[in-house]
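The values are calculated or read from the model by the stated rules, or taken from the named source; none is laboratory data. What you see is a predicted model, and the numbers here were worked out from it, not measured in a lab. Cβ sites come from the backbone with ideal geometry, for glycine too, and all protein chains shown count toward neighbours. Accessible surface areas use protein heavy atoms only, side chains included; no ligands, DNA or RNA. Shrake-Rupley method; radii C 1.70, N 1.55, O 1.52, S 1.80 Å.
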Amino acid sequence: MPVVGGVPRIRRAVRGTLTRAMPRLAREPADGLAALGVEAGGDVVRLRLGPFRPYLVTHPDHVQHVLRGNWTNYVRQGMFWRPLNRLLGDGILGDGDTWASSRKILQQVFTAKYVTSLAGAIAATIDTRVAELDRHARTGRPVDAAREMAAIVNQSVVRVLFGDAVSREDSERLITAYHAADAAVSFRLLLPFLPYGIRVPGDRAFLAAVRTVDDVVLPVIRRRAAAPDASGDDVVSALCRAHAPDGGPVDERRVRDDLVSVYAAASETTATTLTWLWPVLDAHPEVAAALCDEIERVVGTGPARPEHVPELRYTMMVLREVMRLYPAGWLFPRMAVRDDVIGGTPVRAGSMVLISPYVTHRLEEFWERPLEFDPGRFAPERAERRHRYSYFPFGGGAHQCLGQHLFTMDAPLIVAALLSRYRPVLLGEGPYTPAPTALLRPARRVRLRLRQVAAAGAV
């Protein structure tokens, strides 16, 4: 059975038509937007959201135009970004000169080579953290998948970004703060035109989460900046060196904004994808069996090591298909700087454009049986027939997510570490639908009971 209910194709919308979307989007933002996109069949549609009139852009050609072909005209500014900017600041997730400077620095640091150099430490960190779940397996006590996946991912991401400068306790405070901020900001994202002079539900919790993030991150930056040459090999040290102009004082705010943004991109994408994995495997036992067979063949009883990753081909196919149906970053808002035309539809300067991989990944014009879970779509021989912008869970163009190198190392190692030790059993029935949050989290808790592999039998 499908994990998420299908979105019926009703009719092909007229290009550029204003659509009354507020009731649908208020109830179920992601699925409501998907319904509109499927109905439009790839045409550009203008939405009526109270006084707000954004354009929904879903066709891969049009997505490519916005994210790559004419990307300088579509900036990450405007009312959709204001709520997030209070947490993420104006660094790598901004635009203009500030973004360009941060991007240049982080591209030099956050490379595949750098992630590979830490692969052994990442794998050991994952194995140690996963082994802590043995106590749950022995007692039969259920685990909260979202919480545990975030905790496992967090340990490896903290190692990459902060080295040994953040304690286990503080790293867990970061997890709690990011989850709280993500849930608290939903009201602002649904009604982005509301002025900030009006208090809305979630404002107080969001600002408290921002303070917690700063309480953890700023002391680390100050300690690194106070070192004689900030010579550590972690990302915070590299940022401190880069943001100290001409040997002067470190631009603390810039370092903070870059770190907070990269942490979100590197950890939340992986943790959210792994949370969705378990309902998917429960709904598709044949996929779960093939996945376990590959891990048993490649990893055995563990531990999962970096040299196993290239051999975990089916594992990566499964993860890519999870990201197709449930991309963590499900909405990419942009604001047009100048007048433009997208797919024959005029777009005025100052207008908001909404791009959603969640929607594009569901268009039957570009995906056969788009609502079915099929990892075979990502078999190497089938990838070459796919439009580059029919699948973009990490974004695209100049703003493509820097965290994807870490994802391709982290995610398969975590899956292999878990399934070499346990057979997770999903507790409770679906459907599991997206929550109205900035990241595409399940609305219901995903609870698992872990069975030791030795007791699981042949699965």
#### Entry: First in region 131-143 and farther than 17 Å from residue 415 by Cβ, second anywhere and outside any loop (DSSP other than H, G, I, E, B) and modelled with pLDDT of 95 or more, Cβ under 7 Å, 6 or more apart
136/143; 136/450; 140/449; 142/427; 142/447; 142/448; 142/449
### Task
Looking only at region 51-59, decide whether some residue is hydroxyl-bearing (Ser, Thr, Tyr), open to solvent by less than 10 Å² (accessible area, probe 1.4 Å), closer than 21 Å to residue 389 by Cα and in contact (Cβ under 8 Å) with a residue 12 or more places away in the chain.
yes
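Quick one: would you say residue 331 is over 30 Å from residue 89 (Cβ atoms) and under 22 Å from the mean Cα position of the chain (by Cα)?
Details: over 30 Å from residue 89 (Cβ atoms): no; under 22 Å from the mean Cα position of the chain (by Cα): yes.
No.
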## Note on the structure
Residue set 415, 425; condition at pLDDT 95 or above, more than 23 Å from residue 30 (Cβ to Cβ) and open to solvent by 40 Å² or more (accessible area, probe 1.4 Å); output residue 425
### Query
Which one of these does residue 38 not meet: (1) β-branched (Val, Ile, Thr); (2) assigned to a helix (DSSP H, G or I); (3) under 22 Å from residue 355 (Cβ atoms); (4) under 21 Å from the mean Cα position of the chain (by Cα)?
(4)
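Please find, among 76, 68, the residue that is surrounded by 15 or more Cβ atoms within 10 Å (Cβ to Cβ), over 20 Å from residue 254 (Cα atoms), among the charged types (D, E, K, R) and in contact (Cβ under 8 Å) with a residue 12 or more places away in the chain. Working first, answer last.
Values: 76 fails: over 20 Å from residue 254 (Cα atoms).
So the residue among 76, 68 that is surrounded by 15 or more Cβ atoms within 10 Å (Cβ to Cβ), over 20 Å from residue 254 (Cα atoms), among the charged types (D, E, K, R) and in contact (Cβ under 8 Å) with a residue 12 or more places away in the chain is 68.
Return yes when residue 291 is at pLDDT 95 or above and either surrounded by fewer than 16 Cβ atoms within 10 Å (Cβ to Cβ) or touching a Ser or Thr at 6+ places or on another chain (Cβ under 7 Å) (or both) and no when it is not. Talk me through it step by step, then tell me what you get.
Working: at pLDDT 95 or above: yes; either surrounded by fewer than 16 Cβ atoms within 10 Å (Cβ to Cβ) or touching a Ser or Thr at 6+ places or on another chain (Cβ under 7 Å) (or both): yes.
The answer is yes for residue 291.
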### Task
Give, as residue ranges, the helices (runs of 4 or more DSSP H) completely inside region 86-141 that count at least 3 residues that are open to solvent by 50 Å² or more (accessible area, probe 1.4 Å).
96-109, 112-117, 134-139
### Query
With (1) β-branched (Val, Ile, Thr); (2) open to solvent by 10 Å² or more (accessible area, probe 1.4 Å); (3) not in a loop (DSSP other than H, G, I, E, B) as the list, and residue 437 as the residue in question, which single condition is left unmet?
(3)
### Task
List every residue pair whose Cβ atoms sit under 6 Å apart, with the two residues 6 or more apart in sequence or on different chains, where the first one lies in region 326-337 and is assigned to a loop (DSSP other than H, G, I, E, B) and the second, anywhere, is small (Gly, Ala, Ser).
330/30; 330/356; 331/356
### Yes/no for residue 367 being crowded, with 17+ Cβ neighbours inside 10 Å and either of a type in the set (A, V, I, L, M) or more than 18 Å from the chain's Cα centre (by Cα) (or both)
yes
